[in-house]
């Protein structure tokens, strides 16, 4: 397999990150003005990365899920890697566009774009990792980039508080993951995925279970499993809106991918990780829904709803592993993709409105965008309002939008398992999906009011760089709803990758 | 030809919706024109499709994926309801030209109405349970958006969300049906399901039967899910006429009728259906007597008449139920549009501020009287024939108590109908009226619907034969018009007519019955409180909010507690994993 494409896919963002940062800072220093060179460098980098990505994707999906070694490190791209990398790259590119105006002139602008490129690169590396240590390494790299991005508005006390909490909790999670890796290495002496898959079959069971538990909780902090989720509402609402979109859309999903990779090494253990994932899924759904219902701040509401959607993904994966239904995993990965698009769109649209409403060039103070601020937004910002509506209705699972299709696929897999308990789980999931309408629908109603809020009246127009990502993501949500088969190749391969380790 | 007509019936309103969306808010007259043209065109397509009904799937599109095979079957049941949806849809759109004149957000209105009409036609014409569910959801979305159309009115928004959540919760029943059909029988196809349903395990079939009943009851606003329909009256009246009287609420009855052969043998199912229908007939009949809001009376009456249709299905009278569906769609849409004209002119929905309108608005009075005759079930209008057929079905079945209940319902209907007509059109005017003449956009649909109400019963023969020929599983008995008339002219009908006349007499002589009515005060109070169902709704909503508030306490905001949460999670997971070994 041509090694050049995957290598450049990994190396380009790593090399570009310091260049973007230094280039941006130096250009500003030299000229004495805010030139936003970092924005152009970041855009160039991400666009450039599409070429090796497409090449790698094609090879991985059609020829083989191949591995290739550089020195001591082996990388391996399969369907799941392609899915994660594609989503990260797509959202990253759109967010760079989107942030152009809102970040222009900010003192931390170079840092923002540099870290954005870094986090995309880290996630791609995470998807391609083929041994436990490198998995942890890329995971940690992603976490560190995200700390800096969440803490972007560090002069604000609430942001600082949110990012410190996120830092501490996430670090605790990383330590637990390391403990788990240490346990595995201690009893098997292996770190590579292929070697471990056989080595764990004969290993000491309680230790393996302990490692699995540590992985679940350790990675689970990042995936925002309940009760490890407490950092999420603060971090996702305090971050700049483009970063909120990335966090909810792909970063927590990357944590889920890491968790699945780690657990699939323990698939030969006769314990059903499936049941564990389903239980967490149900808990996430309920907690996410009930807490989102109470919210008046839009970004916090969306953050809590991410908990619910992680719950749907976990249920689908749990069913797949427990009942050997690959379609459940496929549905979950389809939902992973759709959630990335829909939640990304929701955060970007909400952020667009927030940007329009604030007179300074930063997200407004502690209270952010409230539901009452949305009143009448459709009159002055019809595009953002329509985009937000499509995102919300998609998240609620209404056809013919994307969210319905992925949820349906999970439901089909669940009922096909022909197990009373799982059918009950499916019913409970459907109930939660309907319940979520109680907090999604009022958002839409608010935007289509006649009497605008003060915020809408005093708002400024939205630039094209903000509208373009909204249009593209909205189109994606609608198209995938009508034609879900477009991505079924990728999701099927991702499902196969996971089921290979955990199925049966 | 037939596949093309089906695509036109569904596609023309959707194309119209797209064009309306593209035209924008700046050119209202173009919006009105486009909406009318595309709605009427769809109606024409559906009418042309009617005589071409057949039992086989004429469109089959294999999607090679999770959607399975998408099929459309233009049988008698589907084409009838598609025609009802599109024709009454076009009349409601024509009425809207005048009713919504000068209204803001007109584009959004027409997009949603046209989207709804197409989705409703698709719902009844499709042969795939998955597509049926998808169209079901789209109609729910449009209904919610149109009820809450006036977003600045909190009652409207509340009504919309209530309708959405209740019907969606019921929809889970339909979801289960589609999923299990696919899982157990390998296909989403309706005909396949009905044919192979006897092979399903009894418990599974029973689960499906009752979950379908739940879905149908929620969509058709039957007890115990009816509380959304009266609150949905906040919608603009053409929407109430179309969605909440003539089409969407029929989707539940349609579902029951369509799946009757699969579930008829399930123990207790038919009894449950009859009980649900009867309770809806009686409870909402009483509630209609206690309210002074004109649209609410019509809403309760809709639930009550849907109860007749549901009971008919439970009794095995499939043709009777669909015949009444046709009659009801025509006369109820007419009553709603007429009520809309009154409300539009007077600016109030409160009947206590009406009265004596008969002299001032003779056309509306005449139309209302025709509608009232149909509602009460007096000859020669369509409501009489279809209601009597349902009563005959009750007489013939082993559930004779259903017949008694339906009779009482007929009496109640007569009472509240007389009350409604009298309060609005007769007596002394209770306020000064500033009336202006109605535009043709309002009067033409009314006159057409009145003509339909007077004559639609003549279609009994062709309709019955169409259903008999194209519904192979239903074991129907084809009637001609003459046979139907003969069947209705029986002693049972004489009893029913007596009860109806008695009901009207009760209203007219209510002064003499004063004491008796006072002793029923407890009943009135219970009825005003909707027999406790609103209390349950309220309890559930408050309960959810309280649960959320309680849970909010766990989000302490303190890092130490968050870390405790993580470690507690770890401990719990380790305990569970080690314990399972």
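Derivation of every value follows stated rules applied to the coordinates shown; laboratory data play no part. In this text the structure is predicted, and so the values were computed from the model without any measurement. Because the Cβ atoms are built from the backbone with ideal geometry, glycine has one as well, and the counts that use them run over all protein chains shown.
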**Report entry** Kirkwood-based shape ratio for the protein assembly as shown, expressed as Rg/Rh from alpha carbons
**Finding:** 1.01
Report summary line: In nm², the average projected area of the convex hull spanned by the Cα atoms of chain B is 31.5
Query raised in the report: Roughly how many whole Å is it from the C-alpha centroid of the stretch B:384-439 to that of the stretch B:133-182?
Result: 29
Query raised in the report: Pulled fully out, how much extra length does the chain show between residue A:324 and residue A:296, if you take 0.36 nm times their separation in residues and subtract their Cα-Cα distance?
Result: 6.0 nm
Report summary line: Final fewest-first order of B:488, A:477 on the 10 Å Cβ neighbour count is B:488, A:477
Query raised in the report: Contour minus end-to-end for residue B:578 and residue B:63, with contour as 0.36 nm per residue of separation and end-to-end as the Cα-Cα distance?
Result: 180.8 nm
Report task. Round to a whole angstrom and tell me the spacing of the C-alpha centers of the stretch A:1-38 and the stretch A:382-452. Result -> 39
Query raised in the report: What average number of partner chain Cβ atoms lie no more than 10 Å from the Cβ of the residues making up B:232-242?
Result: 0
Requested in this report: Calculate the mean, over all residues of peptide B:560-566, of how many other protein chain Cβ atoms lie within 10 angstrom of the residue's Cβ.
Outcome: 6
Query raised in the report: Do you know the relative contact order of the stretch A:269-504, to the nearest whole percent, from alpha carbon pairs under 8 angstrom that are 6+ apart?
Result: 29
Query - Stretchable slack from residue B:26 to residue B:483, in nm (0.36 nm times residue separation minus alpha-carbon distance) - result: 159.0 nm
Requested in this report: Using only atoms on other chains, find how many Cβ atoms lie within 10 Å of each Cβ of peptide A:205-218 and report the average.
Outcome: 4
Report summary line: Applying the gyration tensor rule to the Cα atoms of chain A (axes a ≥ b ≥ c; rounded if a/c under 1.5, else prolate if a/b exceeds b/c, else oblate), the class is oblate
Query raised in the report: Quick one: which of A:161-174, B:394-407, A:246-259, B:291-304 comes out on top by average Cβ neighbours within 10 Å, and what's the full order, highest first?
Result: A:246-259, B:291-304, A:161-174, B:394-407
Query - Shape call, the stretch B:173-329: gyration tensor on alpha carbons, a/c limit 1.5 - result: prolate
Query - All-pairs Cα distance distribution in the stretch A:385-504, expressed in whole percent, bin size 5 Å - result: 2, 9, 13, 16, 18, 15, 10, 6, 5, 3, 2, 0
Requested in this report: Could you tell me the distance between the Cα centroids of the stretch B:536-553 and the stretch B:1-64, to the nearest Å?
Outcome: 43
